[in-house]
Amino acid sequence: MKDGDDPAVVAKVIVTASTDKKPKLRYAAGPLASRGITARRLVPAGVFDKQIRENNRLPT
């Protein structure tokens, strides 16, 4: 994905998640993931899922 987040940002979050004494269920790695988490809370599930499928060129 050419417009994705920097791999170093993702790697840092992976290290944080794997060494956290009280790990969270999910960790956002970068601004794209943070926007996705916010959208998931605000948008109906069907609309969100459809958008994810379209962005990843999966059948709808």
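The values are calculated or read from the model by the stated rules, or taken from the named source; none is laboratory data. None of the values given here were measured: they were computed from a predicted structure. For neighbour counting, all protein chains shown are included, and Cβ atoms are generated from backbone atoms with ideal geometry for every residue, glycine included. Ligands, DNA and RNA are excluded from the accessible area calculation, which covers all protein heavy atoms including side chains. Shrake-Rupley method; radii C 1.70, N 1.55, O 1.52, S 1.80 Å.
For the stretch 35-60, name all the residues that are surrounded by 13 or more Cβ atoms within 10 Å (Cβ to Cβ) and either touching a residue at least 60 places away in the same chain (Cβ under 8 Å) or in a loop (DSSP other than H, G, I, E, B) (or both).
Within the stretch 35-60, just Val43 meets the criteria.
Of the numbered conditions (1) surrounded by 11 or more Cβ atoms within 10 Å (Cβ to Cβ); (2) part of a loop (DSSP other than H, G, I, E, B); (3) at pLDDT below 85, Leu32 fails exactly one; give the number of that condition.
(2)
Can you tell me which residues in the stretch 5-29 are among the polar types (S, T, N, Q) and open to solvent by less than 80 Å² (accessible area, probe 1.4 Å)?
Quick first cut of the stretch 5-29, residues among the polar types (S, T, N, Q) only: 16, 18-19.
Result: Thr16, single match.
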